[in-house]
1. Using helices alone, I'd like the mean residue ellipticity at 222 nm for the chain: each DSSP H run of four-plus residues gives -39500 (n - 2.57), total over residue count, nearest 500.
2. Would you list, by chain and number, the lysines whose Cα falls below 16 Å from the Cα of Lys181, excluding same-chain residues fewer than 8 positions away?
3. Probe of 1.4 angstrom, ligands and nucleic acids ignored: what's the accessible area per residue over the chain, in square angstrom?
4. Dividing the convex hull volume of the Cα atoms of the chain by its residue count, what figure in Å³ per residue is obtained?
5. For a quick check: with amide H placed at 1.01 Å from N, whose amide H comes under 5 Å from Gly217's, ignoring anything fewer than 5 positions away on the same chain?
6. Please list 3J(HN,Hα) in residue order for the stretch 252-268, calculated via the Karplus relation 6.51 cos²θ - 1.76 cosθ + 1.60 where θ = phi - 60°; whole Hz, with x for glycine and proline.
7. Return one number: the angle in degrees, 0 to 90 and rounded to the nearest 10, between the long axis of the Cα atoms of helix 140-151 and the longest principal axis of the Cα atoms of the chain.
8. Roughly how many Å is it from the Cα centre of the stretch 239-260 to that of the stretch 60-129, as a whole number?
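The values are calculated or read from the model by the stated rules, or taken from the named source; none is laboratory data. As the structure is a computational prediction, the values presented were derived from the model and not from experiment. Here the Cβ is made from the backbone with ideal geometry for all residues, glycine too, and neighbour counts use every protein chain on show. The area values use the complete protein model at the heavy-atom level, side chains included, leaving out ligands, DNA and RNA. Shrake-Rupley method; radii C 1.70, N 1.55, O 1.52, S 1.80 Å.
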Amino acid sequence: MTARLLPGGPVAEAVLADLGPRIEALVAAGHRPGLGTILVGDDSASAGYIRMKMEKATALGLTSPHVHLPQDATQADLLAVVREFNAAGDVDAVLIQHPTPPQIDFDAALLELDPDKDVDGLHPVNMGRLALGMPGPVPCTPAGIEALLAHHEIPVSGRHVVILGRGTTLGRPLALLLSQKRPTANAAVTVVHTGVPDWPEYTRRADVVIAAVGVPGILRPEHLTPGVTVVGGGVRYEGKRLLPDVDESCAEVAGAVTPRLGGVGPTTIAMLFRNAVEAAERRAA
Ligand SMILES: NC(=O)c1ccc[n+]([C@@H]2O[C@H](COP(=O)([O-])OP(=O)(O)OC[C@H]3O[C@@H](n4cnc5c(N)ncnc54)[C@H](OP(=O)(O)O)[C@@H]3O)[C@@H](O)[C@H]2O)c1
């Protein structure tokens, strides 16, 4: 069997196309959405991500005020910028680029951020909102995966989704999201991790397997049942080389699989902008 590919590009395009008129309406009402970005240090990959996000923000019609703190910036320096963005009337959403240098406590900076401006949806208040089904920014990669499955008409409602990994940016919020009572969710979700050494027993019984680990090639064909849908969320970088969790031979067993490149990544970025625009809509209202 050769699996059908589930690219993220068309999903991202659909999300961004939906945002276009909403941004225009905000601008017409005198409220141009603003996405503030904070970069601490000289990590070249992080600088590249921020540049790409700022260019995309400009192309979409958002303002993108940016603060670049030096590699030796203190926690107090970062908190001061976070507080400035919290108070800024023209900033609706804020991104603190991760990873930060070792002297910085990223979680403490996130706690300082106004939850309503938390574009990544990772603030504890937003994780609580997600758990309770309350409106608020949803973590971008989980939201992107739900949209990807819906766009490619892979139903999860009433089906068994096994998530490999319970990390706070991906596996755990994804489990909360896909178990919500909504047509594109409503799944029977199982989360497996290092505490479940026989996790392949679970993935082999899944309708959809989502890899959210960060261990290259951890998911292999022998862990799958023929025809299953496989979504690769976890990746590790060695230099510029992207190493996905999903071994490419999984495509010989799966019915559908995200491509090695251009799968979950583009949907994550689209959801970042959806969170920013929704934050602006809430503030404008
Ligand atoms: N594509 C994107 O845009 C995007 C966005 C965000 C994250 N990611 C990627 O998604 C991955 C997960 O991110 P995260 O922040 O949630 O990571 P994390 O906090 O490091 O969580 C990783 C999870 O994988 C589990 N795990 C590790 N080794 C395992 C093994 N051998 N067997 C079974 N489970 C294992 C860990 O289990 P324990 O809890 O038991 O330790 C943990 O729950 C990373 O690769 C990250 O780069 C991608």
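1. The helix contribution divided over the chain gives -12500 deg cm²/dmol.
2. none
3. Here the residues of the chain average 45 Å² of exposed surface.
4. 124 Å³
5. Residues meeting the criterion, in which the H sits 1.01 Å from N, are Asp245, Val246, Asp247.
6. Karplus values, whole Hz, x for Gly and Pro: 6, 10, 5, x, 8, 8, 6, x, 4, 10, x, x, 6, x, x, 6, 4.
7. Helix 140-151 and the main axis of the chain meet at about 50 degrees.
8. 33 Å
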